[in-house]
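Asker: Encoded as structure tokens, here's the structure I'll be asking about.
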Amino acid sequence: MAKVGIIMGSESDLPVMQEAIDILKEFEIETEVDIVSAHRTPEKMLDYGHQAHQRGLKAIIAGAGGAAHLPGMIAAVSPLPVIGVPVKSSNSIDGWDSVLSILQMPGGVPVATVALNGAKNAGILAAQIVATSDTSILDKVAQYKEGLKAKVINSSKKLNP
Ligand code: RP5
């Protein structure tokens, strides 16, 4: 059963959002991936937001660019934690429009916003949410972090043998 829902406003967001899909695959967390547009398929968006938790999802990653309303609107109707990925899309001025649309949510409706095009971190954060109730995932996240540490130590050793 999928644990993390990954949605995006357009197929054009997929190259960025693929990083979330890939890292969750690395953690062996099942995902469901779909295109859900706040502006072009508003009914589908509301259905998705209302129903996601009933399918057993633990977190939703939502990516969108430009006037990026998808993450916030999903957060408005879903009780699940929503992680927003601002995408620097073709209709974005310079990315700030997506960042601010996703980041500046009103009180009571949080969206955990990652960096511009930061889908990999969104995936890791979703894995950490799943890990709070799954020790095997917790171990995998801990191993991942050890790997990050090892890489830096190796780079440092190469420069300072
Ligand atoms: C947003 O508009 C989508 O999330 C995408 O980032 C952007 C452009 O969409 P397309 O015109 O490429 O379909 O809603």
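Asker: Any residue at all in segment 36-43 that is under 16 Å from Leu70 (Cα atoms) and basic (Lys, Arg)? Even if it seems obvious, please write down each step before you answer.
Answerer: First, pick out the residues of segment 36-43 that are under 16 Å from Leu70 (Cα atoms): 36-43.
So of that shortlist, the ones also basic (Lys, Arg) come out as 40.
Yes: segment 36-43 contains one or more residues that are under 16 Å from Leu70 (Cα atoms) and basic (Lys, Arg).
Asker: Can you go through Gln128, Gln104 and tell me which one is under 17 Å from His69 (Cβ atoms), out of contact with any strand residue (DSSP E or B) (no Cβ under 8 Å at 6 or more places or on another chain) and among the polar types (S, T, N, Q)? Let's see the steps before the verdict.
Answerer: Details: Gln128 fails: under 17 Å from His69 (Cβ atoms).
Every option except Gln104 fails the conditions.
Asker: Hey, another quick one. Going by the conditions given, is Ala59 in contact with a Pro (Cβ under 6 Å, 6 or more places away or on another chain) and open to solvent by less than 10 Å² (accessible area, probe 1.4 Å)? Before the answer, list the steps.
Answerer: On the way: in contact with a Pro (Cβ under 6 Å, 6 or more places away or on another chain): yes; open to solvent by less than 10 Å² (accessible area, probe 1.4 Å): yes.
Judged against the criteria, Ala59 is a match.
Asker: May I pose another question? Within the set of pairs 6+ apart or on separate chains, which have a first residue in segment 7-22 that is among the polar types (S, T, N, Q), a second that is surrounded by 19 or more Cβ atoms within 10 Å (Cβ to Cβ) and outside any helix (DSSP H, G or I), and C-beta atoms under 9 Å apart?
Answerer: Matching pairs, first to second residue: Ser10/Ala64; Ser10/Gly65; Ser10/Val87; Ser10/Ser89; Ser12/Gly65; Ser12/Val87; Ser12/Ser89.
Asker: Going residue by residue through segment 96-115, is there one that turns out to be under 10 Å from the mean Cα position of the chain (by Cα), away from the ligand (no atom under 16 Å from the Cβ) and part of a helix (DSSP H, G or I)?
Answerer: Looking through segment 96-115, none of the residues is under 10 Å from the mean Cα position of the chain (by Cα), away from the ligand (no atom under 16 Å from the Cβ) and part of a helix (DSSP H, G or I).
Asker: What pairs can you find where one residue is in segment 30-41 and under 13 Å from Lys3 (Cβ atoms), the other is in a strand (DSSP E or B) and more than 9 Å from the ligand (Cβ to nearest atom), and their Cβ atoms are less than 7 Å apart, with a gap of 6+ or different chains?
Answerer: The qualifying pairs are Thr31/Val4; Thr31/Ile6; Glu32/Gly5; Val33/Ile6.
Asker: Further question: I'm trying to understand the selection: among the residues of segment 124-133, which are surrounded by 15 or more Cβ atoms within 10 Å (Cβ to Cβ) and outside any helix (DSSP H, G or I)?
Answerer: Selection gives nothing.
Asker: Take the residues of segment 43-56 that are touching a residue at least 12 places away in the same chain (Cβ under 8 Å) and in a helix (DSSP H, G or I): which is nearest to the ligand (Cβ to nearest atom)? Please lay out each step first, then the result.
Answerer: Initially, segment 43-56 is screened for residues touching a residue at least 12 places away in the same chain (Cβ under 8 Å), giving 45-46, 48-50, 52-53, 55-56.
Now restrict to residues that are in a helix (DSSP H, G or I): 45-46, 48-50, 52-53, 55.
On the way: Met45: 11, Leu46: 16, Tyr48: 14, Gly49: 16, His50: 20, Ala52: 18, His53: 23, Arg55: 22 Å.
My answer is Met45.
Asker: Something else about it: Quick check: is even one residue across segment 138-153 assigned to a helix (DSSP H, G or I), of a type in the set (Ser, Thr, Tyr) and within 21 Å of Lys25 (Cβ to Cβ)? Outline the logic, then answer.
Answerer: Within segment 138-153, the first condition is being assigned to a helix (DSSP H, G or I), and the residues that meet it are 138-153.
This time we only want the ones that are of a type in the set (Ser, Thr, Tyr), so: 144.
Okay, now just the ones that are also within 21 Å of Lys25 (Cβ to Cβ), so 144.
Within segment 138-153, one or more residues are assigned to a helix (DSSP H, G or I), of a type in the set (Ser, Thr, Tyr) and within 21 Å of Lys25 (Cβ to Cβ).
Asker: Applying the selection to segment 1-42, what residues are closer than 25 Å to Gly95 by Cβ, in a loop (DSSP other than H, G, I, E, B) and open to solvent by 80 Å² or more (accessible area, probe 1.4 Å)?
Answerer: Across segment 1-42, the qualifying residues are His39, Arg40.
Asker: Failed condition for Leu116, given (1) open to solvent by 40 Å² or more (accessible area, probe 1.4 Å); (2) out of contact with any Lys or Arg (no Cβ under 7 Å at 6 or more places or on another chain), with all others met?
Answerer: Every condition holds for Leu116 apart from (2).
Asker: I want to confirm something. Restricting to segment 61-95 and keeping residues that are part of a strand (DSSP E or B) and touching a residue at least 60 places away in the same chain (Cβ under 8 Å), which single residue is farthest from the ligand (Cβ to nearest atom)?
Answerer: Only one residue fits best here, namely Ile61.
Asker: Among the listed residues Ser92, Ser101, identify the single one that is surrounded by 18 or more Cβ atoms within 10 Å (Cβ to Cβ), within 23 Å of Pro15 (Cα to Cα), out of contact with any helix residue (DSSP H, G or I) (no Cβ under 6 Å at 6 or more places or on another chain) and of a type outside the set (A, V, I, L, M, F, W, C). Please lay out each step first, then the result.
Answerer: Working: Ser92 fails: out of contact with any helix residue (DSSP H, G or I) (no Cβ under 6 Å at 6 or more places or on another chain).
It is Ser101.
The values are calculated or read from the model by the stated rules, or taken from the named source; none is laboratory data. Values in this document were obtained by computation on a predicted structure and should not be read as measured data. Neighbour counts are summed over all protein chains in view; Cβ atoms, including those assigned to glycine, are modelled from backbone coordinates with ideal geometry. Heavy atoms of the whole protein, side chains included, go into the accessibility calculation; ligands, DNA and RNA do not. Shrake-Rupley method; radii C 1.70, N 1.55, O 1.52, S 1.80 Å.
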